[in-house]
Amino acid sequence: MIQNQNIVTHLGLPCYLEQAWVLDLSLGGVAEPISHFVNPMGGLKPGSIEAADFAMKSSLCIGGLHPWANYSIIGLALAYFQFRKNKPGLISSIFIPLFGEEKVNGPVGKLIDILAVFATVAGGSYILRIRHSSN
């Protein structure tokens, strides 16, 4: 087991890299709203009703039903085209019915895949900024 003192979990404990994801899955859903309630952003008073409202809204914005519905739709479309149509597991494969296979295998498909990578990096950076900006 590798202990990294520079990485700290939601509970303020040192992170054990092999088990960090288990802790995040089991306690991350509870720790995030509590963290926002105790240490809210935007000048809200810690422990107030406004802080509780902010904590629940910010947690549901990131991990609620709506974002997971979006992830599921993209995941189902990727799975369909990869396993039923034997296409590569790329976002551009989803656009074959819309643009045609020639365009998707050409520069249009490359552009779609590049934009998908940038959107993923930007979304991940935004989420990390929101989760850690109050610390």
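For the residues Lys57, Lys110, the requirement of being more than 30 Å from Val38 (Cβ to Cβ) and either of a type in the set (D, E, K, R) or touching a His at 6+ places or on another chain (Cβ under 6 Å) (or both) singles out Lys110. Just checking, does segment 59-81 include any residue being modelled with pLDDT under 80, surrounded by 14 or more Cβ atoms within 10 Å (Cβ to Cβ) and polar (S, T, N, Q)? The answer is yes; a qualifying residue exists. Here is the figure for segment 41-52: residues that are small (Gly, Ala, Ser) and either touching a residue at least 24 places away in the same chain (Cβ under 8 Å) or outside any helix (DSSP H, G or I) (or both) total 4. I need the helices (runs of 4 or more DSSP H) fully contained in segment 53-128, keeping only those with at least 3 residues that are closer than 30 Å to Ala31 by Cβ. Because the criterion is at least 3 residues that are closer than 30 Å to Ala31 by Cβ, the helices (runs of 4 or more DSSP H) in segment 53-128 that meet it are 65-83.
The values are calculated or read from the model by the stated rules, or taken from the named source; none is laboratory data. This is a predicted model, so every value here is computed, not measured. Neighbour counts are summed over all protein chains in view; Cβ atoms, including those assigned to glycine, are modelled from backbone coordinates with ideal geometry.
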